[in-house]
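Here's the structure we're looking at; comments come further down.
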Amino acid sequence: HGGGPPVSAGTPLAAEYTRENLELLSAGLPNLLQHIENTASFGIPVVVALNRFGTDTDRELELVVDAARKGGARGAVVANHWEEGGKGAVALAEAVVEACEEGGAEFRYTYDLERPLAEKIEAVAKKIYRADGIELSVRSGLLFRALFSFRSCRAMRVRHRSLRRRHLTRLDL
């Protein structure tokens with residue numbers, strides 16, 4: 001996510017990924033920071049696990065750990081379990097336990113559970129994906145029909161029928 005060359009299964013990694021490259025790594029940090037912010041928005045502590053690979057340098061790992069902690073993660077830990085088995089994940093496990101034991105977590109949804117489905121979708125689009133809004137089209141109406149066909153979704157089904165009667169093909173929220 002930092003603008004490096006593509007990675008394809010079954011092909012060797014480009015040199016940019018196998019040599020120390022703090023500039024490329026730094027360019028990808030905004031993506032990590034966005035994930036930390038998104039996860040924290042649910043009211044739970046964030047612990048970042050960095051899977052150490054043979055080509056990673058200490059400076060690269062330090063850069064990511066520092067950025068994660070400054071970005072709001074309660075913990076950021078280098079894990080080496082792929083090479084060391086359980087022993088390589090002990091520090092990660094301890095960080096997760098510590099974050100859980102600190103308390104103060106109050107889970108919250110991205111949206112009010114009582115809101116209509118379209119508003120819930122818009123809330124996720126805006127808050128998690130940073131969209132300006134959503135547009136529901138005739139094709140998204142297929143999703144609505146599938147979702148509203150369940151008997152347990154009577155209130156939503158009624159809302160869908162009222163939209164359908166008005167022949168709305170687009171819902172601007």
In nm, to one decimal, how far is the residue 106 label point from the residue 66 one, both placed 7 Å along Cα→Cβ?
-> 3.4 nm
How high is the FRET efficiency between residue 119 and residue 24 when r is their beta carbon distance and R₀ equals 30 Å, given to the nearest 0.05?
-> 0.15
The long-range amide H neighbours of residue 78, using H built 1.01 Å from N in the peptide plane and a cut-off of under 5 Å, are 50
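Determine the sum of side-chain charges near residue 70: Lys and Arg each +1, Asp and Glu each -1, restricted to other residues whose C-beta is under 15 angstrom from that of residue 70.
Numbers: positive: 69, 74; negative: 37, 62, 66.
Residues close to residue 70 contribute a combined charge of -1.
Packing-wise, with mean Cβ within 10 Å as the measure, how do 40-53, 111-124 rank, highest first?
On the way: 40-53: 16.9, 111-124: 14.6.
Descending mean neighbour count gives 40-53, 111-124.
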Residue by residue, what Karplus-based ³J(HN,Hα) values in Hz, rounded to whole numbers, does the stretch 13-19 have, using 6.51, -1.76 and 1.60 with θ = phi - 60° and x for Gly and Pro?
-> 5, 5, 4, 4, 9, 10, 10
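Does the stretch 42-86 come out rounded, prolate or oblate by the C-alpha gyration tensor, with a ≥ b ≥ c the root eigenvalues, rounded set by a/c under 1.5 and, if not, prolate when a/b is larger than b/c and oblate if not?
Numbers: a/c = 3.81, a/b = 1.48, b/c = 2.58.
Oblate.
Every number here is computed from the coordinates shown, using simple stated rules; none is lab data. As the structure is a computational prediction, the values presented were derived from the model and not from experiment. Cβ coordinates were reconstructed from backbone atoms using ideal geometry, including for glycine residues, and neighbour counts include every protein chain displayed.
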